[in-house]
Structure formats: structure tokens, C-alpha cells
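Notes follow once the structure below has been shown.
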Amino acid sequence: MRVWAALSVVVGLLSGGAGPVRGQAPRAPLVGGLYAQGGFIVAHSPQVRHLVRAHPTGLELNLQRQTTGLAPWHAWYGYPKIGVALVYYDYHNPVLGRSYAASFYLNKTYWRTTRQELNFRLGTGVGWFTQGFSQEFNHKNTLVSSRVSAMLQARVEYDRALSRQVGLLVGVGLNHFSNGATAKPNLGINIPTVVLGLNFHQQRPFHPLDVPPPLEPTDIGHNFLNLSTSLGLKRLNEIDQESYLVNSVSVVAGRRLNRKSNLLAGLEGFYDRSLRAEQRDTARQDAPLVDVKKAGVFLGHELLFGRLALVTHLGVYVYNPYKSNNFYYERVGLKYHFTNRLFGAIDLKVHRGAADVLEWKAGIKL
């Protein structure tokens, strides 16, 4: 019961609810779920083929709050659910062991009747592995170098009512674990899964609140400027155990396009201290060291969910004397506005599909 109470508090905060107060609308209905999962590990590199022979199995406990229209974005996205989940996997391989994860997610309904739903779920969280990489004790584990990893989930779910409150859930999903290059080796785990379980609906069929249609945001068509800085840590390889600091500063111009989107264009600079260490290891003793600082320009998009935004960037280096990577980079992340001016973000910077650094960002909107 304590687990359910804690999950209920978290989803209430995520959905913007603050508890029932006299004169306010009642709390949004909850959906609880218990699922079994089975899948396989994708052999995305020859270095991991020895680890993909067993088939992971898992369990998931989750709690979702159905949005009802209290916030304008609820109606704009078709009244999605906001949830948190506890996920367990047994990899049936002593090299990988088991993992435990907690995630939060958005569950968007694309088709709904009184007895059926078809949903798409996207979430992120953090996982802990019982077995990490160790040069001395577990050198075969090239997938998981650190016990703590970030988790990404994508899933299609079909829910069919068995009774007024109980639903049978069938789904297919993809689960990804990676530490964002904070430790090496960092090949990451990709697990396609089949999901089967039960949902317990507090309210079915779902009825949104009878509230006036939401007004259009007043800042549509307006421009803004974001200033931000970030910190990250990364390692060179599995032999060098030192963590190197990575900094960035960004100046970003943006425009609110519509209810759901911001368009961005920015200029940013990077200083990655691991590249200086890499250069010292590989350069001749008498050779001058090349500048490892970089500058880039990027175009980006923000998909808005109230104060929360899903961020995607595509950038090109315009100053890159030390050619340690491709000429372009990508970024995906989550951004949250604590106030109308101050925001924080967690971004994963990527070079051609390979994680470069996990960035912890703070900024101000002007």
C-alpha cells in the first residue's frame, strides 16, 4: 500500500494536481497496472553477440493518472495519461545479472471506445544493474559499464475491458539502457519486448471534465531568447577511470509556433576536457596540442506539455580544430520550466547515434 501511495503522489505532481480542495474539480481518475514482459537483446555490435543468447523476462508495476482537462494541454493532446512505473528485468545471464528501474511517462490515446483503447507510451527514467563492467571480475560485460544507467521506453499498448474496471493489456515495446558515456564501455542495451498484463481502471469509460474549450496561448507568434549553461562528466575508455568535465554555453533564439511547438536556432560552445587527455595520449611528445574547444550552430524543436518540453536538436560544428568526431551532432532531452523565466534540462548529446555526454543544464528565458 505504501508503494501505491507514493506512486499516486508522484503522478499527481506530474499531472499538475495538488489534491482535492473545496470548490475545485475532483481528482483525476487513476489506472493501475501489473504486467509481465518477455523479449530479447538486440545484437547491435559484434562485441555483444556473446551476451544476447538468453531472453530477458520482467515485471512492471505502474500507476497512471488520467488527465481530464484542468490544464489546456490536456485537451490539445487528447487527454493523455501521465504515469510512473517500477520495472524489473532478469537477463538470465550471470554477466548481466538483473536490473531495477523507475520511470515516468506520457501515455497518449490514439483510439478509444467505451471498452477499448489503443495507446502509445513514451517514458524515461533511471535503472540500476546488479552486475556492471569490471576489468578484473566482469570484463565480458561490454553492454553495461556502470550499475546506474538512464532508461528510455517506447511502447504500443492495446487495452480491452474484461469488466467495468479490469482491462487486459497487450503491448509491444522497446527499452533502452545507457549511461550516456559517463563510464566506458558504453554500448547500451536495446530490448524489444512483448507485454501482457492487467489494468485496473478507477473510471471507465473515461469522461473529461465539462470545462470551456482552452484558450489559445497568448505567446503564439512571439519570439524569445534563452541563455543556458551545462555540465557533464564522461570517460575516455574502460582503462582510464578518471571522469572528465564537459562544459557548454548556449544562446538560443526561439519562436512559439502554435499550441504545441517552439522552433529554435542557437549558437553554442563546448569545452570537453577528455579530448585534451586523449590528445596527450596520442600526440608526439614534441607536437603542439590542438585546441579542443568547439563551437556549433543548431536548429531545434520543443514539443510542449505545459511546463515540460521534449527537446530535439540537430547541430553542425563551425569551429572544430581537433577532429575527434563527425561534423554534426544531435541532442534529445527533457526541459522543465520552474518559473516563467528559469528552466532546467537533462540532455543527451549524440554523435551519429553514439552517446557523447549527458548534459545537466540550467538557463533563463528572456
How large is the charge dipole for the chain, taken about the Cα centre, if only the Cβ atoms of Lys, Arg (+1) and Asp, Glu (-1) carry charge, to the nearest 20 debye? 700 debye
Treating the beta-carbon of each Lys and Arg as +1 and of each Asp and Glu as -1, no other charges, what is the dipole magnitude of segment 133-279 about its Cα centre, to the nearest 20 debye? 300 debye
Using each residue's phi in segment 179-196, evaluate 6.51 cos²θ - 1.76 cosθ + 1.60 at θ = phi - 60° and report the 3J(HN,Hα) Karplus result to the nearest Hz, with x for Gly and Pro. 9, x, 6, 5, 8, 10, x, 9, 6, x, 10, 10, 10, x, 9, 9, 10, 9
Relative intensity, log₁₀ I(q)/I(0), of segment 161-318 from a Debye sum that treats every alpha carbon as a point, q = 0.12, 0.17 Å⁻¹: -0.88, -1.14
In whole angstrom, how far apart do the alpha carbon centroids of segment 347-366 and segment 154-230 sit? 21 Å
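Expressed as a whole percentage, what fraction of the accessible surface of the chain belongs to carbon and sulfur atoms when a 1.4 Å probe is rolled over the protein heavy atoms?
The nonpolar share, carbon plus sulfur, comes to 63 percent.
Counting alpha carbon pairs within less than 8 Å and at least 6 residues apart, what relative contact order, in whole percent, applies to the chain?
Numbers: 935 pairs, mean separation 41.2, N = 366.
Normalised by residue count, the contact order of the chain is 11 percent.
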Need one word for the chain: rounded, prolate or oblate. Basis is the Cα gyration tensor (sqrt eigenvalues a ≥ b ≥ c); a/c below 1.5 gives rounded, then a/b vs b/c decides. oblate
Taking the 0 to 90 degree range and rounding to the nearest ten, how far is the long axis of helix 2-14 tilted relative to the main principal axis of the chain, both from C-alpha atoms? 80 degrees
Could you work out how much longer the chain between R341 and L162 gets when fully extended? Use 0.36 nm per residue separation minus the Cα distance between them, nm to one decimal. 59.7 nm
Of the cross-linked pairs K184/K361; K294/K323; K293/K349; K293/K365; K108/K349; K294/K335, which ones have a Cα-Cα span greater than 18 Å in the structure shown? K184/K361; K293/K365; K108/K349; K294/K335
Using each residue's phi in segment 163-168, evaluate 6.51 cos²θ - 1.76 cosθ + 1.60 at θ = phi - 60° and report the 3J(HN,Hα) Karplus result to the nearest Hz, with x for Gly and Pro. 8, 4, 10, 10, x, 8
Rounded to the nearest 10, the angle in degrees between the Cα long axis of helix 273-282 and the longest principal axis of the Cα atoms of the chain comes to 40 degrees
Can you give the accessible area of Y319 in Å² (nearest 10), computed on protein heavy atoms with a 1.4 Å probe? 100 Å²
In whole Å, what is the distance between the alpha-carbon centres of segment 246-275 and segment 55-70? 32 Å
Accessible surface, 1.4 Å probe, highest first, among residues R331, R147: R147, R331
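The values are calculated or read from the model by the stated rules, or taken from the named source; none is laboratory data. These numbers come from a predicted model, not from an experiment. All Cβ positions, even for glycine, are placed from backbone atoms using ideal geometry, and neighbour counts span all protein chains on display. Accessible surface is based on the protein model in full, side chains and every heavy atom, while ligands, DNA and RNA are left aside. Shrake-Rupley method; radii C 1.70, N 1.55, O 1.52, S 1.80 Å.
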